[in-house]
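*Asks:* Next up is a structure, given as C-alpha cells.
Just so you know, all these numbers are worked out from the coordinates, no wet-lab data involved. Predicted model, so just to flag it, every value in this text is computed and none were measured. With ideal geometry, Cβ positions are generated from the backbone for all residues, glycine too; neighbour counts draw on all protein chains shown.
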Amino acid sequence: MRMVDFIAAKRDGQEHTAAELHELITRLTADDLHDYQLSAWLMAVLWRGMTERETITLTEAMIHSGEVLDLHDLADWIVDKHSTGGVGDKTTLVVAPLVAAAGLPVVKMSGRGLGYTGGTLDKLEAIPGFNVNLDIDALRTTVQAHGIALAGQTAQLAPADGKLYALRDVTATVPSLPLIASSIMSKKIASGADAIALDVKVGRGAFMETLPEARALAELMMRIGQGLGKQVSALLADMSQPLGLAVGNALEVAEAVRTLAGCGPADLVEHCLVLSAEMLLLGKVAGTPTEARQRVEQLLSSGAGLDKFREWVAAQQGDPRVADDLTLLPSAPVISELVSSQDGYIQGIDAREVGLIAGALGAGRERKGEAVDPAVGIVLHHKAGEAVSRNQPLAAIHARKTEQADAAARRLDDAIRIGDERVAPPPTVYEVLCAPALTS
Ligand code: URA
C-alpha cells in the first residue's frame, strides 16, 4: 500500500478496506511509517470521518497490535468500566470495591490526570504506600486473592493506540469520534474485558460538551463492542459541574472513603450506585435492574464496600487505616475559604475551570510525566441550584502557599456563578444506554 494513495482516499471521502487498515496498524506498530504521513491521514479522518465498518476494523487492528489479556482463569466473564474523564471523578475508588464486594472480580487498568482532568492512578497514589505498578502477574495474583486489583496501563496493551494518540495530541486530531471510540475500546478489550460499562461524561468538564455528542460517542462505542462480540452499556453522566464536592487527589480519596462509609455527596452516591448496578447486570451477578440496585445499595449501607476498599488498599501496599482515619492522607499547609459576595442561587460551577484551578494549585499536570501534589485542591460546599447568602463559605481551597490560594480564590469566584434566579440542578445521570442482551 502506498501511503500517499491511502491518504488521498480518505481525503476524498472513500472507505478504506480492512486489509489497508490492518496494514496501517502493523506498519505503525513496527515504526515503519512517517509521522508526517500519519498526521495527514489523521487530519483527513478528522474531517471525513470513518464508516462504522472502518471504525470496528481499526479497533480490532489496534487491539491485536500488542498483547491481549485473557483473564478467564479469574472469572468466566470479565467486566470493566471506563470513564471518559472529568473533574472530581473519583467513581472508580467507590465502584471498584463495591462491585468486588458483590463477588464480581475487578481487574482495572487506569490512567493519570492530564490538563483539567484527574486520573485514578494519581488519586490512589495519594494513599500512603499504595502501589499502582503491578505487572500482569501481580495483577492476577492480587485479583485471585482479593477480587480486586488496579494498575497503570502497560505499554504492551494496544501499543498502536499509544503511538497514534501521541500523534493526535500534537496534531489537533484528538476530537474525532471514530478515533476516540476506537482508542478507548481497543484498550479496554485488550485488557481482557468481555463486558464494559462506559461512563460517558457530558458538559464543560468533559470531552463531549453536549448530550447529542456524548450520545453519539457512547452509541459508537457500543456498536464497536457489539461488532467485536462484547457487551457494552453506557451512562451519559453530567460533567457541567464537578462530580461530588472534592477536586484534588487526597481530597478525592477522602470523599470516596466518606461515600463508602455512607456519607457521600448525593450526586456522587447516585452516580456510583447507577454504575455499580450496571456492572452487576453486565457481570450477570444480578438478573434485573431492581435486583442490581438493591444489591449495591445493601453493599454500601452494610459497609461491605468500605471493608473491600480497606482490603484492596492493604493488598496494594497502601495504609488501610486511611479507611478509618482520613488524617493519615496528605494535607495541605494552607486552607482558605472562598465566601460568597452575594445572596442568590448557584447557577452553575464551571467544571473545566475548577479542574484547571486545582491543576494550577498542583493537583494536576500540564505534560505527561510531571509530578502532582497529592494534598492540594478544592472542596466545594455547594452545588448548582443551591441557595447561598452573602459571606457564606462557597469552597475551601487547599494550597501549598497563601499566594496560590489567593490566586485560586479569584478564579474560583468567577467559576461559581451566582444569580437571583432559582435554577434546577443538572441531573447526575442523563441516560443509561443498555447493552442489547440486557434489554431483550
Ligand atoms: N481517551 C482515550 O483513551 N483515547 C482518546 O482518544 C480520548 C480519550
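*Asks:* To the nearest 0.05, how large is the calculated FRET efficiency for GLN156 and TRP77 if R₀ is 22 Å and r is the Cβ-Cβ distance?
*Replies:* FRET efficiency, GLN156 to TRP77: 0.40.
*Asks:* Here's something else I'd like to know. Between LEU328 and ARG367, what length comes free when the chain is fully extended (0.36 nm per residue of separation minus the Cα-Cα distance, one decimal in nm)?
*Replies:* Going from the current span to full extension adds 11.2 nm.
*Asks:* I've got another one for you. State the extension gain, in nm to one decimal, for the chain segment bounded by GLU337 and GLU52, taking 0.36 nm per residue of separation less the distance between their alpha-carbons.
*Replies:* Numbers: separation 285, 0.36 × 285 = 102.60 nm, distance 5.00 nm.
Contour length minus the Cα-Cα distance gives 97.6 nm.
*Asks:* Count the DSSP beta bridges whose two residues both fall in the chain, then state the antiparallel fraction as a percent rounded to the nearest 5. Before the final figure, lay out each step's value.
*Replies:* On the way: 23 of 43 bridges.
Percentage antiparallel, nearest 5: 55.
*Asks:* Tell me, what does the Kirkwood hydrodynamic radius of the chain come to in angstroms if you use every pair of distinct C-alpha atoms? All intermediate terms of the calculation are to be shown ahead of the outcome.
*Replies:* Values: mean 1/r = 0.0448 Å⁻¹.
Computed over the chain, the radius equals 22.3 Å.
*Asks:* With a ≥ b ≥ c taken as the square roots of the eigenvalues of the C-alpha gyration tensor of the stretch 297-422, please select rounded if a/c is under 1.5 and otherwise prolate if a/b is larger than b/c or oblate if it is not?
*Replies:* Taking the square roots of the gyration eigenvalues as a ≥ b ≥ c, the stretch 297-422 is oblate.
*Asks:* GNM, the chain, Cα, under 10 Å: largest mean-square fluctuation among GLY147, GLY344, GLY248?
*Replies:* With Cα springs under 10 Å in the chain, the top fluctuation among GLY147, GLY344, GLY248 is at GLY344.
*Asks:* Right, another one. Quick one: if you stick a label point 7 Å off each Cα along the C-beta vector at ALA8 and ARG223, how many nm between them?
*Replies:* Here the answer is 2.9 nm between the modelled labels.
*Asks:* Net charge near ALA399, counting Lys/Arg +1 and Asp/Glu -1 over other residues with Cβ under 14 Å of its Cβ? Display every interim value, and only then the final one.
*Replies:* Working: positive: ARG400, LYS401, ARG410, ARG411; negative: GLU337, ASP373, GLU403, ASP406.
Once all neighbours under 14 Å are counted, the net charge is 0.
*Asks:* Hey, another quick one. With the Cα gyration tensor of the stretch 52-146 giving a ≥ b ≥ c as the square roots of its eigenvalues, does the rule (a/c under 1.5 for rounded; else a/b larger than b/c for prolate; else oblate) give rounded, prolate or oblate?
*Replies:* Oblate, because a/c is 1.5 or more while a/b does not exceed b/c.
*Asks:* With an 8 Å cut-off on Cα pairs and a minimum separation of 6 or more residues, tell me the relative contact order of the stretch 260-389 in percent. Write down the numbers at each step before the final one.
*Replies:* On the way: 105 pairs, mean separation 25.3, N = 130.
About 19 percent, as a whole number.
*Asks:* Separation between the GLU270 and GLU431 pseudo-spin-labels, each 7 Å from Cα along Cα→Cβ, expressed in nm?
*Replies:* Distance between the two pseudo-spin positions: 1.8 nm.
*Asks:* Please determine, in degrees from 0 to 90 and to the nearest 10, the orientation of helix 159-170 with respect to the longest principal axis defined by the Cα atoms of the chain, where the helix direction is its Cα long axis.
*Replies:* It is inclined by approximately 70 degrees.
*Asks:* May I pose another question? For the chain, with a Gaussian network of springs between Cα atoms less than 10 Å apart, report the residue from VAL143, VAL376, VAL87 with the top mean-square fluctuation.
*Replies:* Its mean-square fluctuation being the largest, the pick is VAL143.
*Asks:* Under 10 Å, Cα contacts only: if you run a Gaussian network model on the chain, which one of ASP307, ASP406, ASP420 comes out with the highest mean-square fluctuation?
*Replies:* Maximum fluctuation in the GNM of the chain, among the listed residues, is at ASP420.
*Asks:* Could I ask something else about it? For the chain, what's the relative contact order in percent, using C-alpha pairs closer than 8 Å and at least 6 residues apart?
*Replies:* 20
*Asks:* Something else: To test your reading of the geometry: what angle, between 0 and 90 degrees and rounded to tens, separates the Cα axis of helix 289-301 from the longest principal axis of the chain?
*Replies:* It is inclined by approximately 50 degrees.
*Asks:* Around SER302, under 13 Å between beta carbons, what's the net of Lys plus Arg minus Asp minus Glu among the other residues?
*Replies:* 0
*Asks:* For the stretch 330-419, give the magnitude of the charge dipole about the Cα centre (Cβ charges: +1 Lys/Arg, -1 Asp/Glu; no others), in debye to the nearest 20.
*Replies:* That gives the stretch 330-419 a dipole magnitude of about 220 debye.
*Asks:* Follow-up question, since we're still on this one. Mind listing the phi-derived Karplus ³J(HN,Hα) values for the stretch 410-424, rounded to whole Hz, using 6.51, -1.76 and 1.60 with θ = phi - 60°, and x for any glycine or proline?
*Replies:* 5, 5, 5, 4, 6, 6, 9, 8, 10, x, 6, 6, 6, 10, 7
*Asks:* A follow-up question, please. Once you put a point 7 Å from the Cα of GLU386 and another 7 Å from the Cα of MET1, both along the Cβ direction, what distance in nm separates them?
*Replies:* 5.3
*Asks:* From the helices alone, meaning DSSP H stretches of at least four residues, give me the mean residue ellipticity at 222 nm for the chain, per-run term -39500 (n - 2.57), in deg cm²/dmol to the nearest 500.
*Replies:* Values: 17 runs with 200 residues, N = 440.
That calculation yields -14000 deg cm²/dmol at 222 nm.
*Asks:* Okay, moving on. Counting only C-alpha contacts under 8 Å and six or more residues apart, can you give the relative contact order of the stretch 330-419 as a whole percent?
*Replies:* 48
*Asks:* Next up: Over 22 Å between C-alpha atoms is what I'm after, so list which of LYS90/LYS230; LYS10/LYS163; LYS201/LYS308; LYS308/LYS368; LYS284/LYS308 land there.
*Replies:* As for pairs spanning more than 22 Å Cα to Cα, those are LYS90/LYS230; LYS201/LYS308; LYS308/LYS368.
*Asks:* With a sphere of radius 13 Å drawn around the Cβ of LEU71, what net charge do the other residues whose Cβ falls strictly inside it have (Lys, Arg +1; Asp, Glu -1)?
*Replies:* Charge balance near LEU71 sits at -4.
*Asks:* May I ask you to evaluate 6.51 cos²θ - 1.76 cosθ + 1.60, the Karplus curve with θ = phi - 60°, for each residue of the stretch 210-223 and list the ³J(HN,Hα) values in order in whole Hz, giving x for glycine and proline?
*Replies:* 10, 4, x, 5, 5, 5, 4, 5, 4, 5, 5, 5, 5, 5
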